[in-house]
Each structure stands twice: as structure tokens, then as C-alpha cells.
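*Asks:* I'd like to ask some things about the structure below.
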Amino acid sequence: MNVKEWALITFTILTQMSVGTVWVLGIVHYYAAKKHGMEEADRLSDRALLAVVPVVVLAFLASLLHLGDPLRAPNAVNNLGSSWLSREIFTGVIFAVLVVVFAFLQWRKIGSFALRNVIAWLAALDGLALVLSEAMVYYVLPTQPAWNSWVTIVSFFVTAFLLGALAMGVAFVANYSYVQKKEPGCAEVQCELMRTSLRWIAIASVVLLGVELVVLPIYLATLATGSSAALQSAQMMIDPFGWALVLRVVLAFIGAGIFAVFVYQNAQSAGREKILANLAYAAFVLVLVAEVLGRMMFYATHVRIGI
């Protein structure tokens, strides 16, 4: 694989994870504020934003490596009415701007809560449009049977919410560690918020893993019974990329399955914060590697029909 393909892997993985984190963070903040008040919700989520903004920036820096001439990038949005690639770039730029603006206003507590909430919702909804646009760039290519599948759309959204959820799990345990050291007076409430959030993140991870494990064999069977190009893609996933396929499934199963169950169990009661943090970190790393392997195979095993 060349540099441009690795740039695409980095860009799509990081943007999708960013979209997932925005949604997870928004949902957690809403329920935290409802139960413990806005101040405690902000104490939980404001530092977690530090895990979002740098990832968004890094994703778009990676995208520049895919362009032959980065200075001509603005020209890519000239066909919004007919090109999913133009829509991908447009929604991506809007998403990045909205996330950065929201983070700045939230950190500095500038403007009303209603204004910040509107910006956050716009970022979240635009993020969904971004993930859909990224998937449709490949889905609308009938000459690429390995990409021209509903599985492309499903897998992109699963990646977004699975990595987003686990990334926020890491952000919450890191935030609690900081609070416990710097602001011990509020550690008890923050501990409860962290443990509650991680329990729901663990449940979501298991559900999303289940979707991946159901979709994968269906996808392989569809390719194997499709055109000659589709069959070639299926054969490539077995050899020479069988090791990557097996490793991806194993890592995802351990990270989003086994470790998620342990996270849920250890988040049931206080006093297990250290092992809970280690499990959250490990689960995220394992699933991130699994998703990168999956995206690598996505680009490496496609076979074009015709010239």
C-alpha cells in the first residue's frame, strides 16, 4: 500500500471516530446534567473535548497527503450537487469548524448554553452526513464490487460509534484521574459519572461488535457468490490477507467483547477505578488496531471490473 492509501485509512478512521466521540460526549453530557447538574456535567466533559479537537485536526492533515496538490483542495467542493467526494470534503470542513468553535466556546464559557447546544447539535448532525458521504464515495462505484455494497455504509458507521464510544471511555477515566488529584472535593460525583458512562459504553461496544460479527460473514458470502472481481476480493481476504482478517476479528472480540464485559463488571461499584482505567485503555487500543486492519483490507483487497 502506498502513502496515499495510508492517508485515506488515517483520514477515514479518525474522522469517523471524531463523529462518534461527539455523539457519545453529547449523550453523556445530557444525562449527567440531568442527574447531577450542569457544573458536574461540564467537569466531566470539558476536558474530554481535548480528545476530540486534536483528532479532527490530525485527520484533515492526513487528508492533505492524499491530494496531489493540496493548494487545489478548494476546487474539490465545486460539484456538491453531483459528487459524493465534494460532499465529503464540504461536510468534513464544516464538521471540523463546528467542533473547534464549540470546543472554544465551551472551554471559555462564551455565549449562552442554548447557543453552544445548537452548535454542538449542528456538529453532530453534520458528522453523520460526513460519515454517510465517506461511505457513499465508495458505495456508488459499481466497478468496485467489494466497495459497492451496503456493508460499506454499515461498517463506516459501526467504526464511528465503536471507536467513538471507546475513545470517550478513555477520556472519562483520564478526566477522573485528573479530578481525583487536582479537585478531590468533587471526585465522588465524578467517579459515579465515570462508572455509569463506562457501563453504557461497554454495553454499546458489545452490541456494535455483534453487528460487525454478523455482517462480516454475510459480506464474505456475498462476495464469494458474486462476480469474478468480487470473488477475487473474497479470495484475497483469505490469502494473502487471511492473517489480517483473523487478527482483526480476534482483537475486536477481545477489546469490544471480553474487555467490555470486564469494564461493565468493574464499573458496578467504586474502588476498582485503577483496573477499570487499564481495561478501558486496553479495549480502545485493541479495537483501534482491529479497525485499522479492517480499513487496510478495505483498500488492499478491492478488485476493479473492467479496465
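The values are calculated or read from the model by the stated rules, or taken from the named source; none is laboratory data. Just so it is clear, the model here is predicted, and its values are computed rather than measured. Neighbour counts are summed over all protein chains in view; Cβ atoms, including those assigned to glycine, are modelled from backbone coordinates with ideal geometry.
*Asks:* Kindly indicate whether any position in the stretch 141-154 is more than 19 Å from Ile218 (Cα to Cα), out of contact with any helix residue (DSSP H, G or I) (no Cβ under 6 Å at 6 or more places or on another chain) and of a type in the set (A, V, I, L, M, F, W, C).
*Replies:* Yes, the stretch 141-154 contains a residue that is more than 19 Å from Ile218 (Cα to Cα), out of contact with any helix residue (DSSP H, G or I) (no Cβ under 6 Å at 6 or more places or on another chain) and of a type in the set (A, V, I, L, M, F, W, C).
*Asks:* Follow-up. So for the stretch 42-64 (the condition being under 14 Å from the mean Cα position of the chain (by Cα), modelled with pLDDT of 90 or more, assigned to a helix (DSSP H, G or I) and under 22 Å from Glu291 (Cβ atoms)), does at least one residue qualify?
*Replies:* No, the stretch 42-64 has no match at all.
*Asks:* Moving on to the next point. What are the residues in the stretch 140-160 that are assigned to a helix (DSSP H, G or I) and hydrophobic (A, V, I, L, M, F, W, C), if any?
*Replies:* If the condition is that a residue be assigned to a helix (DSSP H, G or I) and hydrophobic (A, V, I, L, M, F, W, C), then Trp150, Val151, Ile153, Val154, Phe156, Phe157, Val158, Ala160 are the ones that fit.
*Asks:* Within the stretch 161-195, restricting attention to residues that are assigned to a helix (DSSP H, G or I) and among the charged types (D, E, K, R), which residue is nearest to Trp23 (Cα to Cα)?
*Replies:* Ranking the candidates gives Arg195 first.
*Asks:* May I ask you to list pairs of residues, at least six apart or on different chains, whose Cβ atoms are under 6 Å apart, with the first in the stretch 25-39 being farther than 18 Å from Leu50 by Cα and the second being surrounded by 16 or more Cβ atoms within 10 Å (Cβ to Cβ) and of a type in the set (Val, Ile, Thr)?
*Replies:* Here the result reads His36/Val189, each pair linking the stretch 25-39 to a residue that is surrounded by 16 or more Cβ atoms within 10 Å (Cβ to Cβ) and of a type in the set (Val, Ile, Thr).
*Asks:* A further question on this structure: Could you tell me which residue of the stretch 276-291 is nearest to Val170 (Cα to Cα), considering only residues that are surrounded by fewer than 16 Cβ atoms within 10 Å (Cβ to Cβ) and in contact (Cβ under 8 Å) with a residue 12 or more places away in the chain?
*Replies:* Ranking the qualifying residues of the stretch 276-291, first place goes to Val285.
*Asks:* Which residue, of Ala129, Ala187, is among the small types (Gly, Ala, Ser), touching a helix residue (DSSP H, G or I) at 6+ places or on another chain (Cβ under 9 Å) and at pLDDT below 95?
*Replies:* Ala187 is the lone residue from the list that is among the small types (Gly, Ala, Ser), touching a helix residue (DSSP H, G or I) at 6+ places or on another chain (Cβ under 9 Å) and at pLDDT below 95.
*Asks:* Continuing with the same structure: Please specify each residue of the stretch 272-291 satisfying the condition of being among the charged types (D, E, K, R) and under 12 Å from Val250 (Cα atoms).
*Replies:* Answer for the stretch 272-291, where residues must be among the charged types (D, E, K, R) and under 12 Å from Val250 (Cα atoms): just Glu291.
*Asks:* With at pLDDT 95 or above and over 15 Å from Ala280 (Cβ atoms) as the only criterion, which of Leu198, Leu209, Leu163 stands out?
*Replies:* Leu209
*Asks:* Looking at Leu209, is it surrounded by fewer than 18 Cβ atoms within 10 Å (Cβ to Cβ), touching a helix residue (DSSP H, G or I) at 6+ places or on another chain (Cβ under 9 Å), assigned to a helix (DSSP H, G or I) and not charged (D, E, K, R)?
*Replies:* Spelling it out, it is not the case that Leu209 is surrounded by fewer than 18 Cβ atoms within 10 Å (Cβ to Cβ), touching a helix residue (DSSP H, G or I) at 6+ places or on another chain (Cβ under 9 Å), assigned to a helix (DSSP H, G or I) and not charged (D, E, K, R).
*Asks:* Could you check the stretch 158-185 and list, in sequence order, the residues that are touching a residue at least 60 places away in the same chain (Cβ under 8 Å), surrounded by fewer than 24 Cβ atoms within 10 Å (Cβ to Cβ) and under 14 Å from the mean Cα position of the chain (by Cα)?
*Replies:* Phe161, Val170
*Asks:* Would you please name the residue that is surrounded by the fewest Cβ atoms within 10 Å (Cβ to Cβ), looking only at residues in the stretch 139-157 that are over 27 Å from Ala124 (Cα atoms) and not hydrophobic (A, V, I, L, M, F, W, C)?
*Replies:* Looking at residues that are over 27 Å from Ala124 (Cα atoms) and not hydrophobic (A, V, I, L, M, F, W, C), I get Pro142.
*Asks:* Here are Leu220, Leu198: which of them is farther than 15 Å from Ala252 by Cβ, without any contact (Cβ under 8 Å) to a residue 60 or more places away in the chain and part of a helix (DSSP H, G or I)?
*Replies:* Only one candidate qualifies: Leu220.
*Asks:* Test Phe241 against the stated conditions and say whether it is crowded, with 17+ Cβ neighbours inside 10 Å and under 18 Å from Thr159 (Cα atoms).
*Replies:* The answer is no for Phe241.
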